[in-house]
Amino acid sequence: MRGLLLPELEHLADQGLLRVADLAHVMYTSTPFAADFRYADQRACMNGDLAPYFNGRPPYNGHSYAGDTSAGDLNTILWGCIGLHYSGNWFDGDSNSGAIGYIGNVQSALLQKSWKTRWPAVNWPD
């Protein structure tokens, strides 16, 4: 794969068991592909398809992937998957680190709605 990547992404070519980093050049140059790839990952997480990844992992902060997905609380599953995307674990960390910290940061950004001040000409719904 060396030589096919953009020079600034060359260092990513050999990372990862499944060599997903080989897709870095496509992600870098194609927003539609990056969005499809990311949200396919989100959908798989919410469907419970990541159970093998979590087998044998300890629960964190009273949450386990198997328990939360089988309970079917979509809000908990949604935020768990968002935290997983950041930290690689299910509700790990605390308010300053890991999935819990990231979830808090995202929820805070959503509450602030800073995009409304950044692009005031858009008629944003509440």
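The values are calculated or read from the model by the stated rules, or taken from the named source; none is laboratory data. Being a predicted model, the structure only gives us computed values, none of them experimental. Because the Cβ atoms are built from the backbone with ideal geometry, glycine has one as well, and the counts that use them run over all protein chains shown.
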Inspect the stretch 55-63 for any residue being in contact with a helix residue (DSSP H, G or I) (Cβ under 9 Å, 6 or more places away or on another chain), touching a residue at least 24 places away in the same chain (Cβ under 8 Å) and charged (D, E, K, R) and give the result as yes or no. yes
Restricted to the stretch 64-83, and to residues that are free of Cβ contacts under 8 Å to residues at least 12 places away in the same chain and of a type outside the set (Asp, Glu), which residue is surrounded by the fewest Cβ atoms within 10 Å (Cβ to Cβ)? ASN75
SER108 vs. criteria over 26 Å from LEU23 (Cβ atoms) and touching a residue at least 12 places away in the same chain (Cβ under 8 Å): no
If the Cβ limit is 7 Å and pairs must be 6+ apart or interchain, which residue in the stretch 84-95 that is exposed (fewer than 14 other Cβ atoms within 10 Å of the Cβ) pairs with which residue that is hydrophobic (A, V, I, L, M, F, W, C)? ASP94/ILE100
Considering only the stretch 15-25, I want to know if a residue exists there that is modelled with pLDDT of 85 or more and surrounded by fewer than 11 Cβ atoms within 10 Å (Cβ to Cβ). no
When (1) in contact (Cβ under 8 Å) with a residue 24 or more places away in the chain; (2) buried (at least 17 other Cβ atoms within 10 Å of the Cβ); (3) closer than 18 Å to GLN107 by Cα are applied to CYS45, the one that fails is (3)
Please tell me if GLY80 is touching a helix residue (DSSP H, G or I) at 6+ places or on another chain (Cβ under 7 Å), on the phi < 0 side of the Ramachandran plot and not acidic (Asp, Glu). yes
Considering only the stretch 88-109, how many residues are modelled with pLDDT under 95 and more than 14 Å from the chain's Cα centre (by Cα)? 1
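What do you reckon, is GLY56 of a type in the set (Gly, Ala, Ser), outside any helix (DSSP H, G or I) and either within 16 Å of the chain's Cα centre (by Cα) or farther than 20 Å from TYR102 by Cα (or both)? Quick ask: steps written out before the conclusion?
Details: of a type in the set (Gly, Ala, Ser): yes; outside any helix (DSSP H, G or I): yes; either within 16 Å of the chain's Cα centre (by Cα) or farther than 20 Å from TYR102 by Cα (or both): yes.
So GLY56 passes the test.
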